[in-house]
Ligand code: HEM
């Protein structure tokens, strides 16, 4: 009974997390053509400040529900001998890479954000997330 709820929680948090990064890459980035560098730095800092408040809860719930479902789906670590297990492990590895980038961004509190590294990091994270979502479905169908 609780597994579908965990899955719903996981999927909802994934949508918010992936959506936030997609917004930054696909919408916010385009504003560089409209505003000057100083204005963009201020906008990006305001976005990051807000994200630092909200996203830790979303990301914490996403990873906690992921770990709980992993123990069920993988029966401890027993699934790692299977094709499903390898795809799941690859998904988790990519998710850990995303987590490392996220923790670094949250810790960069107060420091000025270099717009180039801001953009580069978000492009990399979005690419990793596309891989994670692909693997999340591929592990059941491939
Ligand atoms: C950036 C981080 C993550 C994202 C964006 C993400 C995204 C997703 C998505 C989209 C699904 C498919 C849900 C569905 O369509 O029903 C899924 C399933 C799953 N995820 Fe994650 N996930 C992340 C991190 C993790 C972590 C860290 C773990 C485990 C340690 C994990 C374990 C799982 C498991 C076991 C499933 C399969 C659930 C099932 O269908 O029974 N995920 N994830």
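Here are some residues: 18, 47, 25, 54. Which one is assigned to a helix (DSSP H, G or I) and within 14 Å of the ligand (Cβ to nearest atom)?
Being assigned to a helix (DSSP H, G or I) and within 14 Å of the ligand (Cβ to nearest atom) holds for just one of 18, 47, 25, 54, which is 18.
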Within the range 24-44, of all residues that are under 21 Å from residue 128 (Cβ atoms) and in contact with a helix residue (DSSP H, G or I) (Cβ under 9 Å, 6 or more places away or on another chain), the one modelled with the lowest pLDDT is 44
### Task
Would you confirm whether any residue within the range 1-12 is closer than 18 Å to residue 128 by Cβ, surrounded by 11 or more Cβ atoms within 10 Å (Cβ to Cβ) and either at pLDDT 95 or above or out of contact with any helix residue (DSSP H, G or I) (no Cβ under 9 Å at 6 or more places or on another chain) (or both)?
yes
Within the range 1-31, the residues that are touching a residue at least 24 places away in the same chain (Cβ under 8 Å) and within 24 Å of residue 124 (Cβ to Cβ) are 10, 13, 14, 16, 17, 18, 20, 21, 22, 24, 25, 29
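Any idea which of 62, 80 is under 22 Å from residue 3 (Cβ atoms), crowded, with 16+ Cβ neighbours inside 10 Å and within 16 Å of the ligand (Cβ to nearest atom)? Reasoning before the result, please.
On the way: 80 fails: crowded, with 16+ Cβ neighbours inside 10 Å.
From the options 62, 80, the qualifying one is 62.
The values are calculated or read from the model by the stated rules, or taken from the named source; none is laboratory data. Computed from a predicted structure; not experimentally measured. Virtual Cβ from ideal backbone geometry, glycine too; neighbours counted across all protein chains shown.
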